[in-house]
Protein chains: 2
Amino acid sequence: MEQKSSLRLQDFLPYRLSVLSNNVSSLLASLYTEKFGISIPEWRTVAVLGEEPGLTSTQIASRVAMDKVAVTRAVQSLIEKRFVRRSSSQADGRVSHLNLTKAGQRVYVEVVPMALAIEHKVWGTLAPAEKDYWDEMLSKMESRVSTLREELLECNK
Amino acid sequence: MEQKSSLRLQDFLPYRLSVLSNNVSSLLASLYTEKFGISIPEWRTVAVLGEEPGLTSTQIASRVAMDKVAVTRAVQSLIEKRFVRRSSSQADGRVSHLNLTKAGQRVYVEVVPMALAIEHKVWGTLAPAEKDYWDEMLSKMESRVSTLREELLECNK
DNA sequence: TGATTTTTGTTCCATTTGAAACTATATAAT
DNA sequence: ATTATATAGTTTCAAATGGAACAAAAATCA
């Protein structure tokens with residue numbers, strides 16, 4: 001690929017990626033905001049607690065791409081809505097373990113198939129080999145982006 | 001691809017896409033926020049005016065994925081910073097045409113190569129055929145997502 | 001022409017987000 | 001033990017964002 005010298009936003013991959021990602025996210029969000037009144041960070045928290053019950057806030061933050069403030073807020077709101085329960089750890093007084101309530105599990109169990117269905121509708125026609133290719137590409141790009149970010153931080157010191 | 005029944009967020013394509021996209025965006029943003037003090041919507045406005053001088057706010061909004069409120073704010077801020085100039089249309093009294101000032105053109109001319117360099121570093125190792133494949137996939141997904149969104153709107157009527 | 005509806009762009013208000021300061025507990029060092 | 005440092009999580013405040021109401025000009029239609 002030779003270097004272009006002009007930038008058509010519509011052809012610029014980061015831009016297209018951003019538009020696609022936002023559209024997919026808001027499509028997914030429509031699944032759970034309407035039915036359960038939860039936001040994107042709240043859904044991510046539920047999703048992660050559905051996979052791994054008993055995580056702490058910091059663990060959630062590290063698994064999902066959210067900072068700890070976002071997690072605090074999501075958890076608070078989910079507790080008010082009775083989707084999540086907190087139990088303080090006796091091992092470490094700063095920490096509390098978080099779990100889905102019955103109602104929270106219901107959210108998880110209802111939303112997951114819908115989310116997967118959307119994923120399937122958007123990417124499902126990919127042949128398995130293509131799917132693997134995608135996974136690989138995404139991983140590669142992820143790692144390149146984080147490398148670039150570090151380089152940038154480096155040279156701004 | 002057979003339908004999965006559980007959801008590991010880390011493997012969920014919409015989620016991975018979202019993380020990648022956010023990281024790329026913030027990487028790009030670091031190029032222009034530090035040097036010129038402009039935000040993402042402001043940069044998009046500059047980029048689009050660099051390609052097509054004289055656009056109106058609505059035209060900008062339709063080219064970039066921003067609503068008209070976001071465009072209003074971006075344009076106001078860019079005018080304050082002397083990167084954009086507005087000239088009211090004598091043909092249509094509601095409308096004004098927007099152009100980059102000299103300083104705005106300098107932003108455009110300086111940021112574009114850096115943005116393209118990042119695109120190149122992240123996607124540049126793709127063979128031309130792969131690049132085409134990507135473009136095609138992104139287009140396909142875009143259209144599927146918008147179809148799905150319409151279906152969803154449809155059945156909520 | 002005069003009344004009605006659309007379109008363009010802005011303003012206002014409520015909600016969301018992000019960064020920094022802060023509290024409380026735990027760990028390390030002397 | 002006592003002090004210093006690090007970690008977990010929350011609060012606070014300012015800025016960004018989104019939606020609805022709005023004003024002004026244009027287009028439509030009677």
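Where a number appears in this text, it was derived from the coordinates with a stated rule and is not lab data. A quick note: this is a predicted structure, and the numbers were derived from the prediction, not measured. Virtual Cβ from ideal backbone geometry, glycine too; neighbours counted across all protein chains shown.
Here is the list for the stretch B:38-90: trypsin sites (Lys or Arg not before Pro) lying in DSSP coil, each with at most 15 other C-beta atoms within 10 angstrom of its C-beta, are B:Arg82. Whole angstrom only: what separates the Cα centroid of the stretch A:125-154 from the Cα centroid of the stretch B:38-57? Cα centroid to Cα centroid, the span is 29 Å. With respect to chain A, whose longest principal axis is taken over its alpha-carbon atoms, helix A:128-155 is tilted by about 90°. Residue exposure proxy: B:Arg8, A:Arg16, ordered by other Cβ atoms within 10 angstrom of their Cβ from fewest to most, comes out as B:Arg8, A:Arg16. Taking 0.36 nm per residue of separation and subtracting the Cα-Cα distance, full extension of the segment from A:Arg85 to A:Ala117 would add 8.7 nm. Rounding to the nearest 10 and keeping the result within 0 to 90°, find how far the Cα-based axis of helix A:68-80 lies from the longest principal axis of chain A. Between helix and principal axis, roughly 40 degrees.
Computed across chain A, the Kirkwood radius stands at 18.3 Å (inverse of mean 1/r, all Cα pairs). Computed over the stretch A:46-119, relative contact order equals 35 percent, with contacts defined as Cα pairs under 8 Å that lie 6+ residues apart. With neighbour counts taken as other beta-carbon atoms within 10 Å, the residues B:Tyr108, B:Tyr133 rank, fewest first, as B:Tyr133, B:Tyr108. With R₀ fixed at 30 Å, the C-beta to C-beta distance from B:Leu152 to A:Glu151 puts the FRET efficiency at about 0.15. In this structure the amide hydrogen of A:Val84, modeled in the peptide plane, comes within under 5 Å of the amide hydrogens of A:Ile79, A:Thr101, none closer than 5 places in sequence on its chain.
In chain A, the beta-carbon sitting nearest the axis that superposes A on B belongs to the residue given here with its distance in angstrom, A:Ser21, 2.
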